[in-house]
1. Just need a number here: residues in the stretch 110-148 that are within 21 Å of ARG73 (Cβ to Cβ) and within 19 Å of the chain's Cα centre (by Cα).
2. Take the residues in the stretch 254-276 that are open to solvent by 40 Å² or more (accessible area, probe 1.4 Å) and either free of Cβ contacts under 8 Å to residues at least 24 places away in the same chain or over 20 Å from the mean Cα position of the chain (by Cα) (or both); name whichever of them is nearest to THR231 (Cα to Cα).
3. Scanning for something closer than 20 Å to LEU25 by Cβ, surrounded by fewer than 21 Cβ atoms within 10 Å (Cβ to Cβ), in contact (Cβ under 8 Å) with a residue 12 or more places away in the chain and within 16 Å of the ligand (Cβ to nearest atom), does the stretch 215-229 turn up at least one residue?
4. In the list ARG80, ARG63, ARG53, which residue meets the criterion of being free of Cβ contacts under 8 Å to residues at least 24 places away in the same chain and out of contact with any Gly (no Cβ under 7 Å at 6 or more places or on another chain)?
5. What are the residue pairs meeting all of these: first residue in the stretch 149-172, first residue among the acidic types (Asp, Glu), second residue more than 16 Å from the ligand (Cβ to nearest atom) and assigned to a loop (DSSP other than H, G, I, E, B), Cβ atoms under 9 Å, and 6 or more apart or on different chains?
6. Of the residues that sit in the stretch 209-244 and are in a loop (DSSP other than H, G, I, E, B) and in contact with a His (Cβ under 9 Å, 6 or more places away or on another chain), which one is nearest to VAL170 (Cα to Cα)?
7. Exactly one of these conditions fails for GLU87: (1) more than 11 Å from the ligand (Cβ to nearest atom); (2) open to solvent by 60 Å² or more (accessible area, probe 1.4 Å); (3) touching a residue at least 40 places away in the same chain (Cβ under 8 Å); (4) out of contact with any Pro (no Cβ under 9 Å at 6 or more places or on another chain). Give me its number.
8. Residue by residue through the stretch 168-208, note down the ones that are in a loop (DSSP other than H, G, I, E, B) and surrounded by fewer than 23 Cβ atoms within 10 Å (Cβ to Cβ).
Amino acid sequence: MSLLVVGSVAYDTIETPTERREDVLGGSALHFSYSACFFSPVQLVAVVGEDWRKEHTVRLESRGVDMSGLEVRPGGKTFRWTGRYHENMDDRDTLETQLNVLADFDPKLPEAAQRAQFVFLANGVPQTHLRVIEQLQGADLVVADTMNFYIDTQRDSLLELLKKIDGLMVNDSEAKQLTGETGALAAARKILELGPRFVIVKKGENGAMFVSRHDIFLFPAFPTENLVEPTGAGDTFAGGMMGYLASQGTADSETIKQAIAYGTIVASFQVEGFGAEKLEQITRGDIDERLAKFRHMVNF
Ligand code: AMP
């Protein structure tokens, strides 16, 4: 079944306690696509500026990502984000966000994208997400991600968006910031009152929690011993989950559990390299092998 992602494509500058790199290929929709394409074809809709390097389009196309919805804006500059990780490699500070071409991105979905059945609205401007939803023709599942930046600056649009989606993915701290609650479960329950029928709260190396009106599932993170750089972990988690759901053509609760397990595994690979480096090196076989280890670890 068809899978669409709309979000940011970026050049990131990333500082860890031991290394600093500039112009790292990044962005929410990009990391999502790198992950989802292990499971299903993906259509990406995003905007970049004229500094975008064509070789990056080619790289994604070679992985089965349909890039026909990537707008390359003449005279524009690609979205740029700079982040610095703390010693613990889990917390990070955003040092700079330059929205550039993302600020007034007005996506026009190609016809095939309008008919997508599975849709992920990766971190991006909530007004843009609302315009995407207006163009969809009967999607089965629409899931969105959001972050502190938009909770701070565009809360009203975000609240409008929440009424129109099936699922929301947020970090622990963002769920609390959005709702004013101090506990993750209370925050998730409050988000359910705002619209979506499920919420997935991501807790970094502490895993993730799925909450709907009738269910709660907990997933630990897969413990990797080779943590290099965690940017994109959330987006690749989402990509694994949505990619698997699209490959199965359903989003019932058993399939969602399996999908979240896949998301967990792809995210565990993502943190083992800078940018998309690690996902370029692995295969679907590596993912399935690690999933089997994960199943053994959580089975009791
Ligand atoms: P994650 O580590 O999963 O939260 O995703 C990090 C990615 O999100 C980076 O590659 C950034 O380029 C991108 N990103 C950071 N801030 C924003 C923002 N305000 N809007 C859209 N994408 C963003």
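1. Here the count works out to 13.
2. Looking at the filtered set, the residue picked out is GLN258.
3. There is at least one residue in the stretch 215-229 that is closer than 20 Å to LEU25 by Cβ, surrounded by fewer than 21 Cβ atoms within 10 Å (Cβ to Cβ), in contact (Cβ under 8 Å) with a residue 12 or more places away in the chain and within 16 Å of the ligand (Cβ to nearest atom).
4. Working: ARG80 fails: free of Cβ contacts under 8 Å to residues at least 24 places away in the same chain; ARG63 fails: free of Cβ contacts under 8 Å to residues at least 24 places away in the same chain.
One residue alone meets the criteria, ARG53.
5. ASP166/ALA139; ASP166/ASP140; ASP166/PRO196; ASP166/ARG197; ASP166/ALA251
6. So the residue we want is GLY232.
7. Of the numbered conditions (1) more than 11 Å from the ligand (Cβ to nearest atom); (2) open to solvent by 60 Å² or more (accessible area, probe 1.4 Å); (3) touching a residue at least 40 places away in the same chain (Cβ under 8 Å); (4) out of contact with any Pro (no Cβ under 9 Å at 6 or more places or on another chain), the odd one out for GLU87 is (4).
8. We begin by selecting, within the stretch 168-208, every residue in a loop (DSSP other than H, G, I, E, B); these are 180-183, 194-197, 203, 207.
Answer for the stretch 168-208, where residues must be in a loop (DSSP other than H, G, I, E, B) and surrounded by fewer than 23 Cβ atoms within 10 Å (Cβ to Cβ): GLY180, GLU181, THR182, GLY183, LEU194, GLY195, ARG197, LYS203, GLY207.
The values are calculated or read from the model by the stated rules, or taken from the named source; none is laboratory data. Predicted, not measured: the structure shown is a model, and the values here were computed from it. As a convention, Cβ positions derive from the backbone with ideal geometry for all residues, glycine included, and neighbour counts pool all protein chains shown. Protein only, heavy atoms only, side chains kept; ligands, DNA and RNA dropped before computing areas. Shrake-Rupley method; radii C 1.70, N 1.55, O 1.52, S 1.80 Å.
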